[in-house]
1. Which FRET efficiency, nearest 0.05, do residue A:157 and residue A:73 yield, Cβ-Cβ r, R0 51 Å?
2. Could you work out how far helix B:281-294 tilts from the main Cα principal axis of chain B, as a 0 to 90 degree angle to the nearest 10?
3. For residue A:306 and residue A:355, what is the calculated FRET efficiency with R₀ set at 30 Å and r taken between the beta-carbons, to the nearest 0.05?
4. Cα axis of helix A:265-277 to longest principal axis of chain A: angle in degrees, 0 to 90, nearest 10?
5. Run through the DSSP bridge list for the stretch A:208-358 and note the antiparallel percent, rounded to the nearest 5.
6. Quickly estimate the mean residue ellipticity at 222 nm for the protein assembly as shown, helices only: each DSSP H run with n ≥ 4 gives -39500 (n - 2.57), and the total goes over all residues, rounded to 500.
7. If packing is taken as the average number of other Cβ atoms within 10 Å across a peptide's residues, how do A:127-137, A:271-281 rank, most packed first?
8. Hey, rough spin-label estimate for residue B:144 and residue A:121, points 7 angstrom out along Cα→Cβ, what's it come to in nanometres?
């Protein structure tokens, strides 16, 4: 789970890491007042759950409270499409108004669960502000990594190695070690996946300031992290996503015309892929999961059927733990409720498939039964283009 | 033969008294798998499904000498259960549980490495050696004994693949779900190595998906080892958007890493037969095997 920059900064401040003075604003007036308090010269930072904001116009400088207000008027309510936000973009609802930090040396500091090496890694570079993955390819010698384990945490000598690599001024050295210790402990304590300070600015007076921060938490750790779970912004979710979440459905909206309802993540991806292979576009990823109820199937189907972009649906169930008759009952219940006017291609395979087909067959609704995976996908594609 | 699991395997179920565990334990026993005991702390001394229940793995090992443990324990307690199994001397541990925190798994994996135990999963349907035994939650009826070794990161997509294979008369030596989480135990490389020396296995089918580097590592291994058996692969998620988690905790394209396109490219370069159409997984494996026999 990603959190907003302003939330991440508040967490860091509690740890004693210096961040720029700033205020959160949700209106033009609030922005103006905040800028006034900070002396006029400020940076406005759009708060969206995505990186790449700078290039998308989400970070703007202003040299007076008036200009800050004007810039806020342009930013608030605007959809930002960044390299990471997906094609639909993210609407700016909050702006972090920050003091202008005098440019100094900028460094990169990251902590990450390194999935490939199955260790934790602390990563630094003298070239702050850059995309670290690109840098690791173009100029690997500009990066230093220290691997560590959750049992011991980041060791002191490792922190020192990183500090020497960065060639820090003496006056910043100790603070840097202190930051690293606290951050790495926080990382482990809070089940994080990624913590990036990029850039960490060394001001001319040698003060270290965390100018931009990204924090991503392990979703599987949230069950034991109530303070972090509480930071999730449900208003960022669409009504469909909210519904899906509350019924424990894995749903991701896409751009196409064919609604997909599938059990299992792998089969759901394969279903999207085969649709594309035959010239169609999936409207969503939807895995109803193994422990699904009839009610949840019904809600899932309603999400698809009520999506105006959807021209046809493909239901692809390989019954194992999930029973085909349960899925069929859920489909019928929701199709009755919503006055269904879209063709639905249904493929039921596995546990209780005959019973499932019987239930659907008796419902007198626009269902097409196809048992073959490939033919089902082809039919859904052609129906979506009719 | 088969790998990891055969008709002599003795199975222990941790968390046996839970609803899911009970249901699946019965299915495993129906299949003829030799389940010898269960563990649920606080319920030691009872019998469940006709099996003795122990408070600790240690006790279960002393009394019943199991060699594989299957874990159905809730996510926040599951890593502890995995380590308990390893400490009890079990050499193969299958963790079905989904939703275990990454950091717990990192600790558990190091613990297991020290004791020389192997892990399948977590977030896996488990494994099956058709006709011999089943250590997991997959529907047994779709499987047939035969020559194809199957390694997959998915659940239902594996069932789909197995169904296609069996329908074409291609049975499986062993089918293994390695798990959909970011940190899992045995992966493609270790299992390909085991299939290499298994006499029953004539070809290997890999089912990958977006996220991580396990398919890339497999490609490197296959190239380096001059792998002697034909390998086919399907990688799910060619249409997956970046940065979105698709169902499995591990199925996410992060930064520039983990796209299906990259994985397919690496595997193809290593001589793996790439399956583009997921409805033709069985067909492609069949053709590949026929070609190799023709040579």
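Please treat every number below as a calculation from the coordinates, not as lab data. These numbers were taken from a predicted model, which means no experiment stands behind them. All Cβ positions, even for glycine, are placed from backbone atoms using ideal geometry, and neighbour counts span all protein chains on display.
1. Details: r = 52 Å, r/R0 = 1.01.
Efficiency for this residue pair is about 0.50.
2. The angle comes out near 70 degrees.
3. Details: r = 27 Å, r/R0 = 0.91.
About 0.65, to the nearest 0.05.
4. The two axes meet at around 80 degrees.
5. On the way: 4 of 18 bridges.
In the stretch A:208-358, approximately 20 percent of DSSP beta bridges are antiparallel ones.
6. Working: 22 runs with 246 residues, N = 681.
So the helix-based figure for the protein assembly as shown works out to -11000 deg cm²/dmol.
7. Top to bottom by mean Cβ count within 10 Å: A:271-281, A:127-137.
8. The answer from the label model is 4.5 nm.
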